[in-house]
1. Using alpha-carbon pairs under 8 Å, 6+ residues apart, how would you state the relative contact order of the chain in percent?
2. Between beta-carbons, use under 11 Å as the cut-off and find the net charge around THR158, counting Lys and Arg +1, Asp and Glu -1.
3. Taking just the C-alpha trace of the stretch 69-156, give me its Rg and Dmax in Å.
4. Enter the angle in degrees (range 0 to 90, nearest 10) between the Cα long axis of helix 17-27 and the first principal axis of the Cα atoms of the chain, meaning the one along which they spread out most.
5. Give me HIS317, HIS298 ranked fewest to most by other Cβ atoms within 10 Å of their Cβ, as a rough exposure proxy.
6. Over all pairs of distinct alpha carbons, what does the Kirkwood formula give as the hydrodynamic radius of the stretch 53-115, in Å?
7. Please work out the FRET efficiency for the pair GLU21 and ALA121, using the Cβ-Cβ distance as r and a Förster radius of 56 Å; give the result to the nearest 0.05.
8. Students often check this: by mean Cβ neighbours within 10 Å, which of 299-309, 258-268 ranks highest, and how do the rest follow?
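Rule-based calculations on the coordinates, nothing more; no lab input. Not measured: the values here are computed from a predicted model. Please note: Cβ atoms are built from the backbone with ideal geometry, for glycine as well, and neighbour counts cover all protein chains shown.
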Amino acid sequence: MLLQALSEARGVSGNEKAVREVILDAVKAFCDETRVDALGNLICLRKARRQAPQAPRRVMIAAHMDEIGLIVTGINSDGTLRFAKVGGIDDRILLSKRVLVGENALPGVIGYRPIHLIPAAERERVADMSKAAIDIGATSKAGAEKLAKPGDYVSFDTPFEVLEEGGLRTVKGKAFDDRAGCAVLIELLKEDYPFDLYAAFTAQEEVGLRGARVAAYAIQPEVAFVFEGTVCDDLPHGDKDVSPVTELGKGPAITFMDRSFIADQRLVRLLVEAAERLGAPYQFKRAVAGGTDSGAIHLAREGVPSATVAVPARYIHAPSSILSLNDLENTVNIAREALRALEGGLPQ
């Protein structure tokens, strides 16, 4: 399964090479041009096979390759590794997690004092990650230095699994934010459109939308769609009057606004109309939270009409997430229909 290969590839922000290789292998038969820019973005072009007078000339679709993770900052005298976070990670999800360190995927565990040795008052607070370390089994600094070094990237060790075959068709894995979006782009590149389609698999989104900024500057798109993995908080909680941001199995989530941009309403209508023509489920992201590559793309040069569509994923920005393959497939179907509808130009 392509999503499995994407999910299990290790690609913490700034170290996306393994993910790029999976994507390149998947798209090389469908693209007229591929290139990797100075920041590590993979930009793929599928040229227009026909012309439509009202259609835009260049359309950009984007999804980011990078994932949250850690980086080694030093080695302690006992052989454990100090680390810092790369991207937005809640300290509470780090304790005792299995990780892979460096290019050789050295196994390790994020260690912390056992509960028996933590004072009662301290147990009421979030664990202080400055007191945590990655244990790779070394017993001395000299021993650890033979295995790891400062600057080594650290990813979570999370195998991909199918959890449920019927119904929602759920799968578990890491980095669905945004390997789900990468899977969508790969499928969209298989189709012909009446415009040049640029697929930007971007780098360093989790540390400030950096790759998308330079990719959009280079591509100069007239329209852009960003595909993401987004918050899904549909499990029961105390306040029954609060609607979940998204729900698993209810289709892709269309964003009208987040902290990085306001979606172009013409593109929102285009997506909604595409879903309704197909009879495909969709939902709106019911929170103005987070940011996506649209935040950088829509500000490129003289501005780019942009919209974000996301696959709901439970527990994003954590070592393991869960999504519905039905939602993923419906995202592809709606996106393909919306791109086809651009033949008549942007709706007014």
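1. Worked out over the chain, it gives 23 percent.
2. +1
3. Radius of gyration, then largest Cα-Cα span, for the stretch 69-156: 12.9, 40 Å.
4. 30 degrees
5. HIS317, HIS298
6. On the way: mean 1/r = 0.0669 Å⁻¹.
Every distinct Cα pair counted, the radius reaches 14.9 Å.
7. Values: r = 49 Å, r/R0 = 0.87.
Plugging the Cβ-Cβ distance into 1/(1 + (r/R0)^6) gives 0.70.
8. 299-309, 258-268
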